[in-house]
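Here's the structure, in structure tokens; my notes come after.
The values are calculated or read from the model by the stated rules, or taken from the named source; none is laboratory data. Here the structure is a predicted model, which means the values were calculated and not measured. Cβ coordinates were reconstructed from backbone atoms using ideal geometry, including for glycine residues, and neighbour counts include every protein chain displayed. Calculation scope for accessible area: heavy atoms of the full protein, side chains included, ligands and nucleic acids excluded. Shrake-Rupley method; radii C 1.70, N 1.55, O 1.52, S 1.80 Å.
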Amino acid sequence: MASLALAQSPPAADTGKKIFESQCALCHGQNGGGGRGPSLLRPKLDKAPDEAALRGVIENGIPPEMPGAWQLHPREVAALAGYVKALGAQPVEAIPGDPARGVQVYQRSGCPGCHIVDGQGEGLGPELSTIGSRRNAAYLRSTVLRPADGLPDNFHYVSIQLSKGSAIKGIRVNEDSFTIQIKDARGLFHSFEKSDIKELKPLPKETPMPSYEKTLSASDLDDLVAYLAARRVK
Ligand code: HEC
Ligand code: HEC
């Protein structure tokens, strides 16, 4: 009897942990240290500063990359929120490297040619002003070393061959039945009528971002990752 009652209403912390491992760990890591999603081992979460906001994030997700767990019962949401808060009470992820030196690595590696940070820079890559809130250090490191390995879901790189003349590669910004808009390597927008296009080819495994595996020393890489990880929602 007692064990049955226990099975029906397990302690909240355990429920939260189980839901986390089955529905959140895929992106936030088995123990919350992050992966495609940010590390949750932080006392203060930018998008979930309090309990109500945390429950909202869990239920509604954060479009486009985090799905909402709308199928959960409010009690399960509460248990999960409790578990996420407990994760945040653990010691913070230690990142080797010096963010101040990382700025210099960032500047001299050509990153501002493709990314904007706090209004500075340009180009076709995603804005990085708050990248540290969205990605953990391991993800940042692997993106810099092997950018094609973990392309964001909403990223579509395409090649367009026009019926008359030239071919162009770019990131798809928008598309409807008749036209497509892309941003090229220099960050310039182009709009094409689909009737003028001979071939539109998705390039699912490609990115214009170069790999920095051969160009950065180990300490430069640590400093760069420390700099990126510190770009957070204020
Ligand atoms: C498909 C991947 C994915 C899944 C599954 C997922 N998340 Fe997320 N989560 C993300 C991403 C990516 C972000 C960052 C989004 C942004 O800031 O744009 C995020 C952000 C968050 C945040 C805000 C963090 C902050 O710093 O403010 C919380 C809290 C969170 N997720 C909790 C959860 C929980 C709990 C679950 C399980 C129900 C879950 N996530 C499932 C990808 C995911
Ligand atoms: C030629 C343009 C280009 C250059 C140069 C470039 N990037 Fe990128 N970067 C991109 C594009 C495009 C993406 C999105 C697709 C992808 O992940 O490869 C991206 C993605 C990223 C991401 C992942 C963003 C996310 O939301 O997941 C990070 C982090 C990043 N770049 C950092 C850097 C850093 C640091 C440098 C300099 C060392 C750099 N990039 C240089 C074009 C560039």
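Before moving on, here are some points about what is shown:
- C-alpha long axis of helix 99-108 to longest principal axis of the chain, angle in °: 20
- Integer Hz, Karplus 6.51/-1.76/1.60 couplings in order for region 160-170, x for Gly and Pro: 10, 9, 7, 4, 9, x, 6, 10, 8, 10, x
- Electrostatic tally near residue 74: other residues with Cβ closer than 11 Å to its Cβ, Lys and Arg +1, Asp and Glu -1, net 0.
- Net +/- balance of residues flanking residue 45 in space, Cβ distance below 13 Å, scoring K and R +1, D and E -1: +4
- Looking at region 157-202, the accessible area is 66 square angstrom per residue; that uses a 1.4 Å probe and ignores ligands, DNA and RNA.
- At most 16 other Cβ within 10 Å, DSSP loop - GluC sites (Glu not before Pro), region 36-84: 65
- Rounded to the nearest 10 Å², the accessible area of residue 209 at probe 1.4 Å: 50
- For residue 214, the lysines whose Cα falls under 30 Å of its own Cα, not counting residues fewer than eight places away in the same chain, are 169, 183, 201, 205.
- The distance linking region 101-141 with region 48-68 is 25 Å (Cα centroid to Cα centroid, whole angstrom).
- Multiplying the residue separation of residue 233 and residue 50 by 0.36 nm and removing their Cα-Cα distance gives an extension gain of 64.4 nm.
- Size of electric dipole in the chain: Cβ of Lys, Arg +1 and of Asp, Glu -1, about Cα centre, debye, nearest 20: 140
- Candidate lysines for bridging to residue 47, where Cα separation is under 22 Å - those fewer than 8 sequence places away on the same chain excluded: 17, 85, 234
- Across the chain, the mean sequence separation of Cα contacts (distance under 8 Å, 6 or more residues apart), normalised by length, yields a relative contact order of 22 percent.
- Inter-site label distance for residue 196 and residue 30 at 7 Å from Cα along Cβ, in nm: 5.3
- Mean residue ellipticity (222 nm) of the chain, computed from DSSP H runs ≥ 4 via -39,500 (n - 2.57), nearest 500: -9500 deg cm²/dmol
- A cut-off under 15 angstrom between Cβ atoms defines the neighbours of residue 115, and their net charge, with Lys, Arg +1 and Asp, Glu -1, is +3.
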